[in-house]
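What follows is a short report on a single structure.
All of the numbers you see were taken from the coordinates with simple rules; none came from a lab. As the structure is a computational prediction, the values presented were derived from the model and not from experiment. Please note: Cβ atoms are built from the backbone with ideal geometry, for glycine as well, and neighbour counts cover all protein chains shown.
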Amino acid sequence: MDVFADLIYGFSVALSPVNLLYLAIGVLVGMVVGVMPGLGASAGIAILLPLTFSMDPTSAIVMLAAIYYGAMFGGTITSVLINTPGESSTIASTFDGYPLAQQGRAGPALVLCAVGSFVAGTIGLILLTVLAPAFARLAQSFGPSETFLVVMIGLLTLVVIAGGKWRYGVISALFGFTLATVGVDLGSGDQRYTFGSPELITGINFIPVAIGLFGIGELLYTLHQGEHTEERGFFRVSGRGPELWPKREDWSESGGPMARGSLLGFVVGVIPGAGATVASLMSYSLEKTVSQTPERFGKGALPGLVGPESSNNAASTGSMVPLLTLGIPGSASTAVLLGAFLLWGLQPGPLLMTQNPEFAWGLIGSMYLGNVMLVVLNVFAIPLFANIARIPARIMVPIVIVLCVVGTFSVNGSIIETWIMLGCGVIGFFMKLYGYSPAATVIALVLGPLAEETLRQSLIISGGLSIFYTRSMSLLLLIIIGLLIAAPLALSIYRRRSTRDDR
Amino acid sequence: MARAAFSGAFLAFALAYTLLAFGLPMMIESGQIGPGFFPRILGTMLVVVSLYSVIRDIREPADDDTSSDHWGTVGLVTVITIAFVAMLSILGALVAMVLFMFVTLYVLNRQGMIANVVLSILLPVSLYLMFDVWLNTTLPRGVFALFSG
């Protein structure tokens, strides 16, 4: 089997001492980013991007990807111990994780989460290993019209699933696209929206925008919620002793949720625009539905914690499929990762796996190893990371602001980009406050040039819009878009009717 | 009302963007699609959606609570951060970071003054060493560049 040979090759790349070192740094930093509320994976990756500029591309991406999935592990710790999700994808883990900690069962809960995350991550990776080449082959038949439609599906899914008001989601995405049009137009070479500024000719860089929206915006929101005035209620976990280890019945109770969470998470992760947060929430309701004792949910039911935890890790692995094979990110964090790929001149897409096998398979190989490192770290170093989670927001906020500012400046040494970052921070705060989607903005900014180019090519090829319905694959994607638009509309009309009938 | 003002800001942005988009050529001379094509579509859509959003925001009362006792802190930290970025190129990164850390910690964490001073010096110095010395990315030196050359 050539997939197997490719994977062996990937391991040989990942096992080089340099890559192992960066992988270890990446998972450690990812854990720290994960346990720091107010600093999500996307801001973490964006801030740390400049640190990787002196590395070779494979090492850099190995490290950045490790930060991404490491944060998924880390976010659990704060959800369980202080009832504050360190990542949006670990919100569901607070529902039953915190009650478990209140009952003095934080140790077993965290150990089972770590094992669940490891199992899910590994199942996800096996599926990724097998499916990615197949996806890449399918994607090779994609022309510009299909690529354009897949970009639209990704953004629409994000807007529809986000659950907030759809008009805010649409504004967020369009805003990102408009930012992407600043700079030199690829088709004609004309400048657009540069206002004579030489710094804007190359366009608006996604790094300051991502750091602003997810870093500063999130911090200001933390202050708005008054978290700097709160002392963190906190549960101790000891690093050893019998109370750390799950009992036999805990294991048997967790097996099903791990397996279901892994599969569900992976499938949701593969869909562009869905992602880890959605996957974990879906897994929570699935576990509640299949449970014979649904009344225990919310009061410390292990399946309600282990299921979502497995699911969000499988989803973060699953989202690597569209990222690597189509170049379409499903979430803000993967959008930042995509931006990092592009910085190194690696265009993810159907050809990536055949043209840059060292990179693609090295990354996949490193993820297997990273998962092993993470489960070891999570079982044996929980107290250490728990201490980081205890740092109160009033001290965390200034530290992270400094990291955001210095991190942005060091990318290009540009003070204008630092101002852009700060402006996006204020915008990001209001977006978060009023329920807009900063993730849609960043994804649209990163994918803007691709969307414009593929739309232009499609129109040139067919001389009109016909290409979107005469090619069968495009037509299928177009139908999916139609359903994505129609479903929420139908739902809201139905709801309005039924409330009217009630009156 | 603040919510409608935020949608209104997007509407204002959309109008300016679209106005400029119609100044860009729709076609280039060879008959191909020009640089104004995509911005015109985007701008028009953004105008329509944000106008609709402003109207809805004014008409329907907000269903979520965005009130807070901490607006003062949010504003103050924003202003201090703006001053921090402005000072970067004047005072240099190291001094600006130390000042920013100290002032912000003074605002947020008044109980632990000793810890504040220690953190305000330790973090900036280690970041400076990491970025400037180890990673060789030049942080702004400000007026001190005159002395260090």
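Amide H of A:Val184: which non-local residues (sequence gap of 5 or more, or other chain) have their own amide H closer than 5 Å, using H built in the peptide plane?
When sequence neighbours closer than 5 places are left aside, the close amide H contacts are A:Arg192, A:Gly203.
Output wanted: per-residue J couplings in Hz (rounded whole) for the range A:127-140, from phi through Karplus 6.51 cos²θ - 1.76 cosθ + 1.60, θ = phi - 60°, x for Gly and Pro.
3J(HN,Hα) across the range A:127-140, in whole Hz: 4, 4, 4, 7, 7, 4, x, 5, 4, 4, 5, 4, 5, 5.
Taking only DSSP H segments of four or more residues, each worth -39500 (n - 2.57), what value at 222 nm results for chain A once the sum is divided by all its residues, to the nearest 500 deg cm²/dmol?
Details: 23 runs with 368 residues, N = 503.
One gets -24500 deg cm²/dmol as the mean residue ellipticity at 222 nm.
May I ask you to list the residues of the range A:144-164 whose amide nitrogen lies under 19 Å from a point 7 Å from Cα along the Cα→beta-carbon direction of A:Thr289?
A:161-163
In the neighborhood of A:Gly226, defined by Cβ-to-Cβ distances under 11 Å, what is the net charge if each Lys or Arg adds +1 and each Asp or Glu adds -1? Can you show the working numbers first?
Values: positive: A:Arg394; negative: A:Glu227, A:Glu230, B:Asp69.
Local net charge: -2.
Using helices alone, I'd like the mean residue ellipticity at 222 nm for chain B: each DSSP H run of four-plus residues gives -39500 (n - 2.57), total over residue count, nearest 500. Please report the intermediate quantities before stating the final value.
Working: 6 runs with 100 residues, N = 149.
Rounded to the nearest 500, it is -22500 deg cm²/dmol.
Would the range A:412-500 count as rounded, prolate or oblate if I go by the C-alpha gyration tensor, calling it rounded below 1.5 in a/c and otherwise prolate when a/b exceeds b/c, oblate otherwise?
Oblate, because a/c is 1.5 or more while a/b does not exceed b/c.
So between A:Glu199 and A:Gln140, what do we pick up on full extension, going 0.36 nm a residue minus the alpha carbon distance? Don't skip to the end; give the middle numbers.
Values: separation 59, 0.36 × 59 = 21.24 nm, distance 3.58 nm.
This chain segment gains 17.7 nm when fully extended.
Nearest 0.05, what FRET efficiency do B:Met113 and B:Ile90 give at R0 = 30 Å with Cβ-Cβ as r? Could the numbers behind the result be given before it?
Details: r = 27 Å, r/R0 = 0.88.
Working from the Cβ atoms, E equals 0.70.
For A:Lys432, which lysines qualify as cross-link partners when the Cα separation must be under 16 Å and same-chain residues fewer than eight apart are set aside?
Output for A:Lys432: A:Lys165.
Can you sort B:Met130, B:Met87 by how many other beta carbons sit within 10 Å, fewest first? Each step should come with its number before you reach the end.
On the way: B:Met130 14, B:Met87 18.
Final ranking by Cβ density, sparse to dense: B:Met130, B:Met87.
Please state the shape class of the range B:62-145: rounded when a/c is under 1.5, otherwise prolate if a/b exceeds b/c and oblate if not, all from the C-alpha gyration tensor.
Values: a/c = 2.44, a/b = 1.78, b/c = 1.37.
The shape class here is prolate.
Net charge around A:Ser437, counting only other residues with Cβ within less than 12 Å of its Cβ (Lys, Arg = +1; Asp, Glu = -1)? Could you put the intermediate results ahead of the total?
Values: positive: A:Lys165, A:Arg167, A:Lys432; negative: none.
Within the 12 Å Cβ shell, the charges total +3.
Return one number: the angle in degrees, 0 to 90 and rounded to the nearest 10, between the long axis of the Cα atoms of helix A:144-162 and the longest principal axis of the Cα atoms of chain A.
So the helix axis and the longest Cα principal axis differ by about 40 degrees.
What spacing in nm lies between the two simple spin-label points modelled at A:Ser54 and B:Val48, each 7 Å away from Cα in the Cβ direction?
Calculated label separation equals 5.2 nm.
What does the extension gain come out to for A:Val130 and A:Phe4, with contour length at 0.36 nm per residue minus their alpha carbon separation? Mind dumping the intermediate values first?
On the way: separation 126, 0.36 × 126 = 45.36 nm, distance 0.89 nm.
So the extension gain works out to 44.5 nm.
With r defined as the distance between the Cβ atoms of B:Val79 and A:Ile391 and R0 fixed at 30 Å, what FRET efficiency is calculated, to the nearest 0.05?
Values: r = 24 Å, r/R0 = 0.81.
So, using R0 = 30 Å, E works out to roughly 0.80.
Using θ = phi - 60° and the Karplus curve 6.51 cos²θ - 1.76 cosθ + 1.60, what whole-Hz ³J(HN,Hα) does each residue of the range A:29-42 get, with Gly and Pro shown as x?
Ordered by residue, 3J(HN,Hα) equals 4, x, 4, 5, 4, x, 7, 8, x, x, 10, x, 4, 5 Hz.
Most exposed first by the Cβ proxy, i.e. fewest other Cβ within 10 Å, how do A:Thr194, A:Thr441, A:Thr325 rank? Walk me through the numbers on the way to the answer.
Values: A:Thr194 16, A:Thr441 31, A:Thr325 28.
Fewest-to-most Cβ neighbours within 10 Å comes out as A:Thr194, A:Thr325, A:Thr441.
For B:Ser68, enumerate residues with amide H under 5 Å from its amide H, sequence gap 5+ or separate chain, H modeled in the peptide plane.
For B:Ser68, whose amide H was placed from the backbone, there are no distant partners under 5 Å.
Which ³J(HN,Hα) values in Hz, rounded to whole numbers, follow from the phi angles of the range A:342-350 under the Karplus curve 6.51 cos²θ - 1.76 cosθ + 1.60, where θ = phi - 60° and Gly and Pro get x?
Karplus-based 3J(HN,Hα) across the range A:342-350 equals 5, 4, 8, x, 9, 8, x, x, x Hz.
For A:Ser12 paired with A:Ala490, estimate the spin-label separation in nm (one decimal), with each label point 7 Å from Cα along the Cα-to-Cβ line.
Spacing of the two 7 Å Cα→Cβ label points: 5.3 nm.
Cross-link partners among lysines for A:Lys288, C-alpha distance below 18 Å, same-chain residues fewer than 8 apart left out?
Candidates past the 8-residue exclusion: A:Lys299.
Which of rounded, prolate or oblate describes the range A:405-462 when judged by the alpha-carbon gyration tensor and an a/c cut-off of 1.5?
Numbers: a/c = 4.15, a/b = 1.60, b/c = 2.59.
Since a/c reaches 1.5 but b/c is at least a/b, the shape of the range A:405-462 is classed as oblate.
Once amide H atoms are built 1.01 Å from N in the peptide plane, which residues 5 or more positions from B:Met27, or in another chain, come under 5 Å H to H?
B:Gly34
Using alpha-carbon pairs under 8 Å, 6+ residues apart, how would you state the relative contact order of chain B in percent? Spell out each step's value before the answer.
Details: 124 pairs, mean separation 29.4, N = 149.
It comes to 20 percent, rounded to a whole number.
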